[in-house]
Amino acid sequence: MRPPNTNRLTLLFLATLLLTLTACDEPAPPPAPSPAPPLPTTPTGAWFSRDNTEPDEHQQAALTAVQQHIAQNRNPKSPTIDYRYRVQTKDNQTTVFVEWITQYRDGQPALMPGGHALYILNPDNTVARKIPGH
């Protein structure tokens, strides 16, 4: 014959076990990310002046020089999948500001901290200096 409190203890144990097991379920996996839009092959117009949505010859030559420099010096472990550029010429000095894009979220570029650099070009569109971001 069992003692009278055994059924209560068994029920309490089973209820505690059930609560423990349901509380330990793994959280639902995050939703799958939306597919990335196709990578742009030319700089976006937002990075140029409002009246000039396409790079002119001088800007395009500067972009090409910086793109070649980046391709030659790119770290293969970098998470970068794309870049965006802004070209500026002031007092006969051309600079190209570059931001590294690591992914796209909802169609918008996601940038990494310190993932930018300023390239200062010589008059012949060779890279004179690179100032990395912090």
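Limited to the stretch 83-106, what total is found for residues that are touching a residue at least 60 places away in the same chain (Cβ under 8 Å) and open to solvent by 40 Å² or more (accessible area, probe 1.4 Å)?
3
Give the residues of the stretch 107-129 that are without any contact (Cβ under 8 Å) to a residue 60 or more places away in the chain and within 16 Å of Thr64 (Cα to Cα), sorted by residue number. Walk me through it before giving the result.
Of the stretch 107-129, the ones without any contact (Cβ under 8 Å) to a residue 60 or more places away in the chain are 108-124, 128-129.
Within the stretch 107-129, Ala117, Leu118, Tyr119, Ile120, Leu121, Asn122, Pro123, Asp124, Ala128, Arg129 qualify.
The values are calculated or read from the model by the stated rules, or taken from the named source; none is laboratory data. This one's a predicted model, so the numbers in the text were calculated from it and none came from an experiment. Here Cβ is always computed from backbone atoms with ideal geometry, including for glycine, and neighbour counts include all displayed protein chains. Surface accessibility is based on the protein's heavy atoms, side chains included, excluding ligands, DNA and RNA. Shrake-Rupley method; radii C 1.70, N 1.55, O 1.52, S 1.80 Å.
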